[in-house]
Structure formats: structure tokens, C-alpha cells
1. Quote the FRET efficiency, to the nearest 0.05, computed for residue 76 versus residue 14 with a Förster distance R0 of 25 Å and r equal to the Cβ-Cβ distance.
2. Over region 162-276, what relative contact order in percent results from Cα pairs under 8 Å that are six or more residues apart?
3. Applying 1/(1 + (r/R0)^6) with R0 = 35 Å to the Cβ-Cβ distance of residue 30 and residue 104, what FRET efficiency is obtained, to the nearest 0.05?
4. If the only charges are +1 at each Lys and Arg Cβ and -1 at each Asp and Glu Cβ, what is the size of the charge dipole of the chain around the Cα centre, to the nearest 20 debye?
5. Would any residue of region 171-192 have its amide N under 20 Å from a label point 7 Å out along Cα→Cβ of residue 141? List them or say none.
6. Below 8 Å, C-alpha to C-alpha, sequence gap of six or more: please give me the relative contact order for the chain in percent.
7. Pick from 92, 285, 242: which residue has the top mean-square fluctuation in a GNM of the chain where Cα pairs under 10 Å get a spring?
8. Which of 193, 114, 138 moves most in a GNM of the chain, Cα contacts under 10 Å?
Amino acid sequence: EVDGHVRVVPAEAEPYLAQGTLDPRLFDVTELVAQGLAGKGGKAPAPLPLIVTGTAAQAKSRTAPTALAGTTRVRALPSIGATAVTAKKPAAFWESLTENARKTGTTRSFAAGTGVGKVWLDAKVEADMAESNAQIGTPQAWEAGLTGKGVKVAVLDTGIDADHPDLKGRVVASKSFIEGQEVADRNGHGTHTASTVGGSGAASDGREKGVAPDADLAIGKVLSDAGEGSESQIIAGMEWAAKDLDAKVVSMSLGSSEPSDGTDPMAQAVNTLTEETGALFVVAAGNYGSPGSIGS
């Protein structure tokens, strides 16, 4: 047990974990239970959502692993050379990865034929509540002509209430990355954050305008009506916003309770997409984490 989390690591997985080819969260039983991925009451565990990245040799071309045993492909994540999969038969997937070890007795890497460099948990990410921004000097910015006019801002969240007075006629593009759910916001968080970014203030006679009331808004629904989404859904939304739409700013009021060292798939996507497109990603920070730390 570490920091209140129970971690169980099988002996055969220890070498891969030590060399950084397995995500430690895969063995955090406390977190897996919290995410609904561990069986309860005699029920079988849910299929394990994973993000599988390619080997170092594939990194330059961003070639993602394909045809992985025991898994079903969910989506491609080309910005980080990865594939999101669901491991419906995790034992078969593990056996295919560790074939080298069984044949040669070494655990330096996963089986060559798989093209797998690292396996990550495709963890849930949640909406983060935002504080008032009334003290950031927006009136002075507006007086200087900085209203967001001509700038496309993508808001990746729970969607949008298209009938909200502050957002009517403001949305230039929208897409849902949540299977079975439309862009319509039945949570409220996405409408709140979109209004904070670019609301017209129509519902309050102009008193409650967004920071950039003249910006063009692109809405990506990457969080469900329950306010949750997977890392791969969010990365897919990031790719859509930065590459397909050429959004100059991407707002992401979301986060995870798990700390990041900057090497995880979402952090890699931010770095790669920023370098390739010049998009500015604005991500919530400080809503999670222990005292003296900042979670994002």
C-alpha cells in the first residue's frame, strides 16, 4: 500500500514495469476499482481500456501497433503513434506481448512482432470546475481591441447547449467523441466553460460576457453527460481541434486525480500537437493533488 492505494504487481510484470514499458496505474487496484474496472460481487472485471504506443524505432514515423491479440481496436491516435484498444482477453494480449521472454528468458522488450513499445491505462478523465475570472483584467483587454475576433477557440468538454442565449450563432464547428451521445450538453459543464471563453452576455444584458466574446467557438464533446471521458477520447478531440480545425486555442477544463510527469499519452499529445500546429492548449490545473502540489 502506497499513499492509501493498494498496488499488486505480478512477478512476471515487474521487469517490464521497472524498465518503463508498463503503466504503473495498471496495477493500482484502488484506482481500478474507482474507475469501475475491477470486478465486484463475483462479477467479472470490465474489459480493460488501454493505449498502446509503438517502439522507439517507430517513434519518428509515429507508426502505431495494430492487430494486437485479445484486443478490439477503439481508435487511432496518430499524434502520439498510438492505438486505443479494449483488452477483452487480457491473458491472450499479455501472452502475445511476452512471447520473447518465454522463448529466450529475457525481458528487455515486448515481442518484436507486436510493435508495442509501452502499454498505458486509458484512464477516465473528469470535468474540473472553474473559478470566476472577473479579476483578470478583461475590460482593459477589450478596450485595447482584444476581443477574440477572428480567433478560433476549441472547447473540449461535455458539449454545449446550442439554445443558450450567450452561445447562439457562436459555434462554427462541433463533434462528439463519446460513442452514442450527441454534442448536446446534458451535464452543464461544457456550456459553462464555453460561455466563460466566448459567451456573448446576451442572457445578462452584457454583464456576464466571456473573456473573448467575439471568438469563433468549436465544440468537442470529449466528456460524457456524466462528466467523464477516456484519455484516448480526449486525445482524439485534441487532434481534431488542432489539426483538422486549425484552432489557435484549445480549452480543456478537465483533469485526473493521477499525477503526471509529462510523459503520459495526453502530455505527449499536447507537446506534439503544439509543435506541429502552434495551437495553445489551456488545461485546468490545481483542482487535484495533495497539499503543496498541482494536479493537471
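Nothing in this text is a laboratory measurement; each read-out follows from the coordinates by a stated rule. The structure presented is a predicted model; accordingly, all values stated were derived computationally and were not measured. So basically every Cβ, Gly included, is an ideal-geometry build from the backbone, and we count neighbours across all protein chains shown.
1. Working: r = 31 Å, r/R0 = 1.23.
For R0 = 25 Å, the calculated efficiency reads 0.25.
2. 24 percent
3. Computed FRET efficiency for residue 30 and residue 104: 0.50.
4. Here the chain has a charge dipole of around 940 debye.
5. Hits in region 171-192 for residue 141 at 20 Å: 171-172, 190-192.
6. Values: 617 pairs, mean separation 46.2, N = 296.
With pairs under 8 Å counted, the relative contact order is 16 percent.
7. Top of the fluctuation ranking is 92.
8. With Cα springs under 10 Å in the chain, the top fluctuation among 193, 114, 138 is at 138.
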